[in-house]
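A quick write-up on the structure given underneath.
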Amino acid sequence: MSMPSAAELTRARTARRGVALMLVVAGLAACVLSLLDVTGGTAGDVRLFLTIGFLLLGPGWSAAGFLRRAPAAHVWLLTLGVGVATTLLAAQIMVSTVWWHPDLMLYIVTAISIPFLLRHAVVAQ
């Protein structure tokens with residue numbers, strides 16, 4: 001097994017920073033569109049894609065950012081796994097407690113994920 005070169009590590013760090021920053025923007029945009037109660041049409045579609053994209057990738061990327069020099073496949077598998085698990089857990093909590101407020105859960109998940117995403121944008125490993 002060969003060690004990755006310095007150039008490969010730099011490219012990987014830059015890519016991880018870029019993904020973290022895009023997820024921060026997507027999470028904030030999803031929250032803003034939710035606060036503005038955007039529905040229907042193209043704007044509603046954008047809100048749907050941003051929300052689903054952030055919920056599937058945001059919490060997982062904030063966890064995967066702690067992996068050191070892991071292969072990209074491992075990073076993405078952990079990202080999707082944690083994202084799906086977080087979304088399912090939040091939905092199960094809302095169903096079990098008969099407290100169905102997906103907008104508030106989006107805000108909570110975003111508020112928990114964004115500080116870690118910003119940390120990973122600054123200190124990509």
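The values are calculated or read from the model by the stated rules, or taken from the named source; none is laboratory data. Values in this document were obtained by computation on a predicted structure and should not be read as measured data. Reconstructed Cβ throughout: ideal geometry from the backbone, glycine too, with neighbour counts over all protein chains shown. When the accessible area is computed, the model is the full protein with side chains, heavy atoms only, and any ligands, DNA or RNA have been set aside. Shrake-Rupley method; radii C 1.70, N 1.55, O 1.52, S 1.80 Å.
Can you give the extra length, in nm with one decimal, that the chain gains between residue 13 and residue 70 once fully stretched, where that is 0.36 nm per residue apart less the Cα-Cα distance?
Gain on stretching residue 13 to residue 70: 19.4 nm.
How much of the accessible area of the chain, probe 1.4 Å, is carbon plus sulfur, in whole percent?
Result for the chain: 75 percent of the exposed heavy-atom area is carbon or sulfur.
For the chain, what is the charge dipole size about the Cα centre, in debye to the nearest 20, if Lys and Arg each add +1 at the Cβ and Asp and Glu each add -1 at the Cβ?
Its charge dipole is roughly 580 debye.
For the ranges 93-106, 40-53, 75-88, what's the packing order if you count other beta-carbon atoms within 10 Å of each residue, average per peptide, and put the highest first?
Packing order, densest peptide first, comes out as 75-88, 40-53, 93-106.
Sorted from largest to smallest, which semi-axis lengths in Å does the alpha carbon gyration tensor of the chain give for its equivalent ellipsoid, taking the root of 5 times each eigenvalue? Before the final figure, lay out the partial values.
Details: eigenvalues 175, 53, 25 Å².
For the chain, the ellipsoid semi-axes come out as 30, 16, 11 Å.
In degrees, nearest 10, range 0 to 90: what is the angle between the Cα axis of helix 6-35 and the longest Cα principal axis of the chain?
Approximately 10 degrees, to the nearest ten.
Note down the nm distance, to one decimal, between modelled labels 7 Å out along Cα→Cβ at residue 32 and at residue 88.
Going from the residue 32 label point to the residue 88 one covers 3.3 nm.
Please report, in whole Å³, the volume per residue of the convex hull around the C-alpha atoms of region 5-74.
Here the figure is 85 Å³ per residue.
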